[in-house]
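Student: Would you mind keeping the following structure in view while I ask a few things?
The values are calculated or read from the model by the stated rules, or taken from the named source; none is laboratory data. Fair warning: this is a prediction, and the values are worked out from it, not measured in the lab. Positions of Cβ are backbone-derived with ideal geometry, glycine not excepted, and every protein chain shown enters the neighbour counts.
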Amino acid sequence: MSQATLLEEVIHWSEETCRQELKSVLPKLVWHLHSDKQDELIRVLKIITEMFIPHMSVVELETECFSKVLPKVVKMFNDLVEEISSQVGGMPSQNSELRACLRNSLQVMVQILEALSGCVRHVCSFKETLMLETIRSLPFCILKVLKDTFQHCKESEAVYSDRLSLVTDLLQALFKEAYSLQKSLLELLDRIALGSAASEQEVSDILAVIHSLLEICSVISNLDIALHANTWKFIIRQSVKYQALLEEQLHHGDIVSCLCDDLLASFHTCLELAEQMKQSVPQENVQCPELKLFQKTTKMCRFFANTLVHYVKEFRAFLAKSCGYFHHVYLQILSKLPPSLWAPAISSAHSSELSSTVLVAMDALIAQLLPFRPFAEAVLAEKQPVADSAPELSFPHCLLLTNITGKLSSQPEEVLRLWCEGSRFPEDTPKLSVFQALFLSFRACSPERAAPALVPGVMVNGQAQSAVSLHRHVCVQLSAFAAALPAVHFPQLERSLLEVVLQPDTQTALLATDVWCFMARYGTAELCLHHVVLAAHLIKACPGECYQLSHLAMLVRRMMFLMTPQHQAEMAEKFPPGLAENLGVWRHVLFRALSPDVGKRAERDVLSVAGAVVTGWLEKGCRLGELQTVNVALSASLAVVRCETAGPESVSTVSRMVTRLWPRMCVSQVRAYPPVQCTLCLLFSLSAISVQSVDSHIICQALTCLSSLLSQKCPDDVVLAALDFLSSLGKLFIPPEIQSQVLPKLSSLFSILLANESWIIHQHILEAFSRFAEVTNHEEVISQSLTSEHSKNKVVNFLSKIAHAAETAEERIERLKSEKTVFDRHNARQENDSMESTADLEPCSKRSRQETSEEEEYEKYLQTAESALKTLCTLTEQTAPPQWVTPRLLDLQALITQINTARPPKS
């Protein structure tokens with residue numbers, strides 16, 4: 001019987017005839033599948049699936065039919081897909097033959113899917129328990145065909161191009177049939193049960209099914225939401241169902257990475273839709289299509305996030321290599337939600353919906369991963385990909401670490417040890433402690449600190465939750481964690497706090513100081529004393545002026561308020577203020593923080609020893625090499641007289657020091673010698689406080705000095721110190737005999753400074769000029785200082801509190817982002833300079849004595865004398881000198897003659 005004759009005869013058989021002839025005819029029909037004719041192939045396939053398979057038992061299906069027929073079906077389907085690709089590329093789009101070929105091939109593909117659906121329905125009709133080995137060819141064939149089908153539908157626009165309209169209806173039918181087929185297949189696979197005694201082949205088969213469906217997930221992610229979700233549900237359900245059999249062989253990394261990718265994809269889609277709705281203005285009572293899609297996609301976000309949490313809960317032990325990706329996904333999500341500066345512009349309602357949808361699940365994920373060492377190592381890694389390559393992740397990283405500190409207090413000891421201790425041994429994976437990592441991440445958030453980015457604060461006493469700055473948020477959480485921290489972990493916290501105080505970023509150091517002060521208040525008084533003494537020793541060890549000294553001083557000033565009077569007295573015993581070597585500590589103390597008894601004794605001792613230092617320096621010839629000790633003494637004196645409790649006697653003592661030192665100031669040395677510059681700043685500050693008791697000629701000399709400096713390029717810190725002095729002159733009534741010299745010069749100085757373009761000088765000069773104008777009796781200085789309309793407008797706008805809006809909020813945010821690299825480079829440079837200077841302090845085995853050459857000594861003192869004489873000459877030109885000046889000048893003339901006629905002793 002020929003092939004055609006057989007097929008014509010079989011299609012007319014009854015069900016009974018098919019049942020009787022099954023054994024003899026089925027092999028012949030399978031052999032017919034070798035034909036190259038598509039019509040004949042699909043005809044044979046339909047006959048087999050519709051007429052003969054319904055009469056086969058479950059035992060016969062695999063061996064007699066599926067294993068022989070389905071591989072040929074897969075090949076047939078693959079050939080059809082390849083044929084379509086070749087047909088589309090080989091004929092013009094208007095060709096009627098092309099249209100017929102394409103439609104015919106797609107129709108055959110639809111019919112193949114219908115035939116496979118028939119096979120699944122027949123298998124599902126059996127009442128007995130199904131074993132995978134009895135139908136193993138069926139799921140693999142269907143999964144391969146489904147993947148090719150969905151891939152073809154996904155790429156249809158690229159494949160068909162302008163011919164897509166010719167086959168749109170058939171593509172829709174193809175997808176619909178594939179959708180139905182997959183749904184039926186998953187229902188069938190759900191009926192299969194593997195016992196604990198399942199064979200290796202059965203385990204391998206169910207693994208292959210799960211991994212094949214995982215590949216399909218990556219294809220259908222953008223095709224259909226429901227199909228995508230149902231496929232994932234099946235994958236997770238089967239993985240958990242057979243966990244004992246599969247957990248060591250499942251591709252856990254692929255599964256969670258696909259889940260994370262799908263979560264991020266749906267999340268970004270939600271953001272795009274929210275942005276579109278923010279930009280468009282919907283009509284009243286009309287629900288835009290974007291909103292419906294947004295709501296559906298938000299549900300998918302929730303689904304993927306909850307699914308990820310569930311999977312991690314079941315298979316955490318096998319996810320060590322995925323922890324870095326979990327960390328990255330969490331940061332990516334947080335970086336796109338307010339208050340991140342990198343978040344897109346969306347409405348608060350959509351932002352809240354997304355946050356409640358995704359962040360709640362992600363928070364649960366973090367809680368599950370806390371005891372997992374690989375996750376801790378990923379989060380606490382020394383080098384995070386958030387500094388240069390992805391600055392938008394710095395802020396989320398800081399929020400994550402803050403969140404973790406809030407959860408750690410309820411964790412067992414081994415989890416606390418995991419997060420609170422850094423790497424202990426060289427063979428350990430390098431990681432920081434959670435304290436170090438948190439401070440480092442906070443330091444990287446300079447744009448968010450400056451904006452400021454506001455985060456939800458802690459609800460207190462049932463009050464409404466308010467938004468707080470990042471600084472306050474981190475401080476509150478870290479302080480709460482410190483309060484609950486077992487004593488065994490305090491050394492790590494203390495070490496981290498000290499490291500942060502000694503790093504260059506001041507606001508991060510301020511955060512560490514806030515936490516440190518909380519510890520001092522929360523802990524014992526003895527602990528507070530111990531920390532102050534430690535900081536004081538470090539201050540004494542600091543090599544000159546540096547950022548470490550500034551930060552340590554800030555810590556000591558604040559912690560002095562927290563000490564008991566007895567411990568303050570003990571502090572004064574350990575660092576006696578009557579010793580010059582301790583002035584470096586006391587100059588950083590706020591004397592109003594001291595108890596009355598300790599404060600009075602300290603003030604008296606500091607001023608006494610400071611006066612002795614100044615006197616000694618003057619008597620030794622005003623050597624520049626010893627000027628630093630004078631600066632320390634002046635700085636300590638400034639700390640005393642700045643205190644509200646400082647009496648007239650203290651101010652008078654300081655005034656005498658100022659009077660003796662001003663004549664020694666040389667303008668030409670200010671820029672050449674940093675210690676002289678520091679001395680001048682201190683003299684301006686001290687003169688501002690003691691201005692009521694400073695002699696008129698000293699005021700003239702100070703103004704002359706400042707005028708000379710401003711005619712050159714005056715250092716900013718000198719200008720800032722001088723502004724305090726200028727504003728303090730408003731409290732002074734200038735004597736009539738020197739008004740003609742002082743007032744014009746004062747007006748000239750204000751006029752010059754008001755024209756300064758430096759933003760920091762500009763702000764401070766406006767403040768200083770306003771303070772001067774509020775209290776001065778010499779109102780003519782005000783009008784003479786405002787010599788231009790520009791200066792007048794600036795002062796008026798400042799007094800009226802009119803801000804100059806030079807940039808929009810968006811522009812300001814972009815500027816803050818760009819400035820981050822500037823701050824980072826500055827801090828890095830400071831740290832490098834600090835390391836180099838510290839290295840220079842290492843003592844050599846034999847250090848040679850550093851001596852100044854005779855020429856340098858002569859040049860130094862001659863410059864000082866010349867400068868003083870020139871200043872004196874200027875004063876005598878402006879006003880008649882007092883009577884006592886003439887005898888002093890004669891003494892100086894005699895001294896000069898003596899120096900000129902002096903001869904070195906004979907050797």
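Student: So in the stretch 354-380, with the set limited to residues that are among the polar types (S, T, N, Q) and over 26 Å from GLU413 (Cβ atoms), which one is surrounded by the fewest Cβ atoms within 10 Å (Cβ to Cβ)?
Tutor: SER356
Student: Given the criteria at pLDDT 90 or above, touching a Pro at 6+ places or on another chain (Cβ under 9 Å) and of a type in the set (A, V, I, L, M, F, W, C), does ALA305 qualify?
Tutor: no
Student: Another one. Could you say which residue among CYS217, CYS260 is hydrophobic (A, V, I, L, M, F, W, C) and under 33 Å from the mean Cα position of the chain (by Cα)?
Tutor: CYS260
Student: Quick one: ILE760 ticks every box in (1) farther than 19 Å from CYS681 by Cβ; (2) assigned to a helix (DSSP H, G or I); (3) modelled with pLDDT under 90 bar one, so which box is it?
Tutor: (1)
Student: Going by the structure shown, is THR297 among the polar types (S, T, N, Q), without any contact (Cβ under 8 Å) to a residue 60 or more places away in the chain, surrounded by 17 or more Cβ atoms within 10 Å (Cβ to Cβ) and in a helix (DSSP H, G or I)?
Tutor: No.
Student: Still on this structure, please answer the following. Could you please let me know if THR838 is surrounded by 10 or more Cβ atoms within 10 Å (Cβ to Cβ), modelled with pLDDT under 80, among the β-branched types (Val, Ile, Thr) and not in a helix (DSSP H, G or I)?
Tutor: In short, no.
Student: If the Cβ limit is 6 Å and pairs must be 6+ apart or interchain, which residue in the stretch 548-572 that is under 10 Å from LEU594 (Cα atoms) pairs with which residue that is among the hydroxyl-bearing types (Ser, Thr, Tyr) and outside any helix (DSSP H, G or I)?
Tutor: Within 6 Å, the pairs are PRO565/SER595; GLN568/SER595.
Student: Any idea which of (1) crowded, with 19+ Cβ neighbours inside 10 Å; (2) among the small types (Gly, Ala, Ser); (3) in contact with a Pro (Cβ under 6 Å, 6 or more places away or on another chain) is the one ALA633 doesn't satisfy?
Tutor: (3)
Student: Name the one entry in LEU259, LEU337 that is over 28 Å from LEU214 (Cβ atoms) and touching a helix residue (DSSP H, G or I) at 6+ places or on another chain (Cβ under 8 Å).
Tutor: The match here is LEU337.
Student: Next question. Among the residues of the stretch 381-412, write down those that are buried (at least 24 other Cβ atoms within 10 Å of the Cβ) and in a loop (DSSP other than H, G, I, E, B).
Tutor: none
Student: Run LYS794 past the list (1) in a helix (DSSP H, G or I); (2) within 18 Å of ILE699 (Cα to Cα) and report the number of the one that doesn't hold.
Tutor: Evaluating LYS794 over (1) in a helix (DSSP H, G or I); (2) within 18 Å of ILE699 (Cα to Cα) leaves (2) as the failure.
Student: Moving to a separate point now. Is there a residue in the stretch 239-256 that is under 26 Å from GLN172 (Cα atoms), surrounded by fewer than 19 Cβ atoms within 10 Å (Cβ to Cβ) and at pLDDT 90 or above?
Tutor: No: the stretch 239-256 contains no residue that is under 26 Å from GLN172 (Cα atoms), surrounded by fewer than 19 Cβ atoms within 10 Å (Cβ to Cβ) and at pLDDT 90 or above.
Student: While we're on this one: Going by the conditions given, is VAL676 under 20 Å from SER608 (Cα atoms), touching a residue at least 24 places away in the same chain (Cβ under 8 Å) and within 42 Å of the chain's Cα centre (by Cα)?
Tutor: So VAL676 fails the test.
Student: Hey, among the residues in the stretch 205-228 that are of a type in the set (D, E, K, R) and part of a helix (DSSP H, G or I), which one's modelled with the highest pLDDT?
Tutor: Residue satisfying both the conditions and the ranking: GLU215.
Student: While we're on this one: Where residues in the stretch 701-719 are more than 14 Å from SER747 (Cα to Cα) and β-branched (Val, Ile, Thr), which of them is surrounded by the fewest Cβ atoms within 10 Å (Cβ to Cβ)?
Tutor: VAL718
Student: Something else about it: Within the stretch 714-746, can you find the residues that are among the polar types (S, T, N, Q) and at pLDDT 90 or above?
Tutor: Residues satisfying the conditions are SER727, SER728.
Student: If you don't mind, there's one more thing I want to ask. Look at ARG604 and say whether it is assigned to a helix (DSSP H, G or I) and within 16 Å of ARG557 (Cα to Cα).
Tutor: Answer is no for this residue.
Student: Turning to a different aspect of this structure: Among what's in the stretch 606-630 and is farther than 16 Å from VAL654 by Cα and of a type in the set (Gly, Ala, Ser), pick the residue that is nearest to the chain's Cα centre (by Cα).
Tutor: The extreme case among them is GLY625.
Student: Any chance you could count how many residues in the stretch 539-574 are under 17 Å from VAL632 (Cα atoms), more than 30 Å from the chain's Cα centre (by Cα) and in a helix (DSSP H, G or I)?
Tutor: Total satisfying the criteria: 3.
Student: Would you say PRO426 is in a loop (DSSP other than H, G, I, E, B) and in contact with a strand residue (DSSP E or B) (Cβ under 9 Å, 6 or more places away or on another chain)?
Tutor: no
Student: Give me the residue from the stretch 431-454 that is closer than 19 Å to SER479 by Cβ and charged (D, E, K, R) and, out of that set, farthest from the chain's Cα centre (by Cα).
Tutor: Out of the qualifying residues, it is ARG449.
Student: Do we find a residue being closer than 19 Å to SER690 by Cα, crowded, with 18+ Cβ neighbours inside 10 Å, of a type outside the set (S, T, N, Q) and in contact with an Asp or Glu (Cβ under 8 Å, 6 or more places away or on another chain) anywhere in the stretch 585-606?
Tutor: yes
Student: Identify, from the list PRO344, PRO339, the residue that is over 30 Å from LEU250 (Cβ atoms), in contact with a strand residue (DSSP E or B) (Cβ under 9 Å, 6 or more places away or on another chain) and of a type outside the set (D, E, K, R).
Tutor: The match here is PRO339.
Student: Further, regarding this structure: For the stretch 286-305, check the following and say yes or no: at least one residue is small (Gly, Ala, Ser) and over 26 Å from LYS241 (Cβ atoms).
Tutor: Within the stretch 286-305, not a single residue is small (Gly, Ala, Ser) and over 26 Å from LYS241 (Cβ atoms).
Student: Now a separate question. Could you list, in sequence order, all residues of the stretch 84-104 that are buried (at least 16 other Cβ atoms within 10 Å of the Cβ), modelled with pLDDT of 80 or more and closer than 12 Å to VAL159 by Cβ?
Tutor: ILE84, GLN87, LEU102
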